[in-house]
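Quick note: the coordinates plus some simple rules give every number you see, no bench work behind them. This structure is a prediction, so every number in the text was calculated from the model and none was measured. Cβ atoms come from the backbone with ideal geometry, glycine included; neighbour counts cover every protein chain shown.
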Amino acid sequence: MEKEATIGGSSHDPSSFNLLVSSPSGLPPSQVLSTSLNINVFRLPTINHSSLLKVSVAFSDAYDRVPHADASLENTISEIWEQRTLKNNSLFNGNKFRYGGYVFHAGGGSDHEPHICLHLGLTDYRTFVGTNLSPLWERFLVPSEDDSVLCQHTSSPLGNGAVVETIDNKILVLQRSNNVGEFPGYFVFPGGHPEPQEIGISSHQYVKELTESIDTKVSQEMFDSIVREVVEEIGVPASSLVSFVLTLI
């Protein structure tokens with residue numbers, strides 16, 4: 001997801017990430033709770049530990065990608081995907097959660113804790129390759145200081161990554177295959193994407209038929225997906241993984 005991070009930080013160092021939330025101790029899944037709005041939230045220690053920060057997920061088609069008005073630029077998405085799949089037949093498309101921005105409420109008073117809400121929509125890997133990873137990626141951007149406006153025409157899928165520390169205090173890294181769609185041969189941490197299909201999401205229309213709070217399911221998938229990635233990519237059993245925490249960049 002390096003290209004996505006570069007886009008978001010384009011007004012600063014082009015190789016930098018934008019820090020959304022800083023938490024020294026991270027966010028354990030055991031601290032997931034429900035609010036009166038029936039939205040799952042996470043209790044996250046703030047930098048100065050003087051209060052707790054709630055983090056919630058709002059999943060809606062309002063946070064989907066907006067097609068670009070330039071039809072010729074839009075057409076490059078399918079053209080680039082076709083070129084990439086012809087060169088690498090192991091690539092396949094699939095739905096992803098789209099990061100559409102966030103809202104932060106500073107709170108105030110004893111009854112109003114700080115709160116950040118992540119805005120998530122739907123996108124797919126094909127559109128990610130054709131926008132964020134495209135040689136033409138800058139043409140998809142809209143001049144704005146607001147990242148959600150700046151990147152409204154890009155796929156910007158929500159990704160995840162794990163820093164895995166062993167019992168003897170080593171950090172595990174992997175070398176990517178030369179047969180992948182993103183950064184072949186690079187050394188990386190285990191990671192990937194939360195997967196909509198894992199929680200029964202194939203479209204926004206289907207989501208409306210689900211009885212359980214979809215925001216709750218998406219919140220849980222943020223934890224479950226990274227465990228799956230570590231198990232699949234490193235080969236350790238899930239039972240050997242302890243002390244999960246979530247941080248946001």
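The overall shape of the stretch 91-196 is oblate: from the C-alpha gyration tensor, with semi-axes ordered a ≥ b ≥ c, the ratio a/c is 1.5 or greater and a/b is no larger than b/c. Sorted fewest first by neighbouring Cβ atoms within 10 angstrom, Phe128, Phe104 come out as Phe104, Phe128.
Applying 1/(1 + (r/R0)^6) with R0 = 30 Å to the Cβ-Cβ distance of Ser72 and Val188 gives a FRET efficiency near 0.30. Remark: spin-label model distance Ala62-Thr166 equals 4.8 nm, labels positioned 7 Å along the Cα→Cβ axis.
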